[in-house]
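So the structure is just underneath, and the comments pick up after that.
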Amino acid sequence: MVNLLVALLMSLAPGSPAPVLDVTTIDGTRITSESLKGRVVMVDFWATWCGPCVKSLPIYQEMHARHKDKGLTIIAVSIDDELRNLKRFVKAHNLKLPIVHDADKTLVKFFAPPKMPTAYLIDRAGNIDEIHAGYDPGDEAKIEKKLKALLEAP
């Protein structure tokens, strides 16, 4: 993991350390890089107004449920402005993933996702393994295959 200054100065790419996380989900759970140590992590940037995001979230939720006991954590980072609208969306879609509201765009500044959605796959050592920008039907098979490989790696 890197400190915030280094994260600002470097561009994130496969093989680079992931930015340090210290976030609180909309249900009040704190998630830190320390609490994620040794886990495979996917940080997915999304928004309620993004059609492909709405399609990918339930799929990522299923992946999270299937693999969390094997060491996977998927964190869905919403870039929506209004928390009230975000909470309404989460409830309406019965989302159970850890949801973080990035209202001040701090995480967006560090990760700099090129489009919505963008998923950062992070290996157990805390390094970015892959950046998956966008979502099209069928992408879930590629992403799940990559996550499984990361989960099986020592």
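Among the residues of segment 74-112, those identified as aromatic (Phe, Trp, Tyr) and more than 13 Å from LEU57 (Cα to Cα) are PHE110, PHE111. Scanning segment 26-41 for residues that are out of contact with any Asp or Glu (no Cβ under 7 Å at 6 or more places or on another chain) and part of a strand (DSSP E or B) turns up ARG30, ILE31, VAL41.
Could you list, in sequence order, the residues of segment 42-57 that are open to solvent by less than 70 Å² (accessible area, probe 1.4 Å) and in a loop (DSSP other than H, G, I, E, B)? Selection gives ALA47, THR48, CYS50. crowded, with 19+ Cβ neighbours inside 10 Å and under 14 Å from the mean Cα position of the chain (by Cα), is that true of HIS132? Considered against the rule, which asks whether it is crowded, with 19+ Cβ neighbours inside 10 Å and under 14 Å from the mean Cα position of the chain (by Cα), HIS132 comes out as no. For GLY51, the conditions (1) touching a residue at least 24 places away in the same chain (Cβ under 8 Å); (2) over 16 Å from the mean Cα position of the chain (by Cα) all hold with the exception of (1). Among the residues examined, TYR120 does not qualify as surrounded by 13 or more Cβ atoms within 10 Å (Cβ to Cβ), among the hydroxyl-bearing types (Ser, Thr, Tyr), more than 22 Å from LYS37 (Cα to Cα) and in contact (Cβ under 8 Å) with a residue 24 or more places away in the chain.
Taken residue by residue, segment 71-78 has no member that is at pLDDT 95 or above, open to solvent by less than 70 Å² (accessible area, probe 1.4 Å), out of contact with any strand residue (DSSP E or B) (no Cβ under 8 Å at 6 or more places or on another chain) and under 19 Å from TYR135 (Cα atoms).
Taking the criterion of being under 18 Å from ILE131 (Cβ atoms) and touching a helix residue (DSSP H, G or I) at 6+ places or on another chain (Cβ under 8 Å), the residues of segment 18-44 that qualify are ALA18, PRO19, VAL20, LEU21, VAL40, MET42, VAL43, ASP44.
When the strands (runs of 3 or more DSSP E) confined to segment 79-148 are screened for residues that are under 19 Å from THR29 (Cα atoms), modelled with pLDDT of 95 or more and not charged (D, E, K, R), those reaching at least 3 such residues are found at 99-101. Here HIS64 meets the list (1) farther than 20 Å from GLU144 by Cα; (2) out of contact with any helix residue (DSSP H, G or I) (no Cβ under 8 Å at 6 or more places or on another chain); (3) assigned to a helix (DSSP H, G or I) almost entirely, failing just condition (1). Among the residues of segment 26-41, at least one is under 30 Å from GLU152 (Cβ atoms), open to solvent by less than 10 Å² (accessible area, probe 1.4 Å) and either touching a Pro at 6+ places or on another chain (Cβ under 6 Å) or not charged (D, E, K, R) (or both).
The values are calculated or read from the model by the stated rules, or taken from the named source; none is laboratory data. Treat the numbers as computed from the prediction; the structure is a model and nothing was measured. Cβ atoms come from the backbone with ideal geometry, glycine included; neighbour counts cover every protein chain shown. These accessible areas exclude ligands, DNA and RNA; they are computed on the full protein's heavy atoms, side chains included. Shrake-Rupley method; radii C 1.70, N 1.55, O 1.52, S 1.80 Å.
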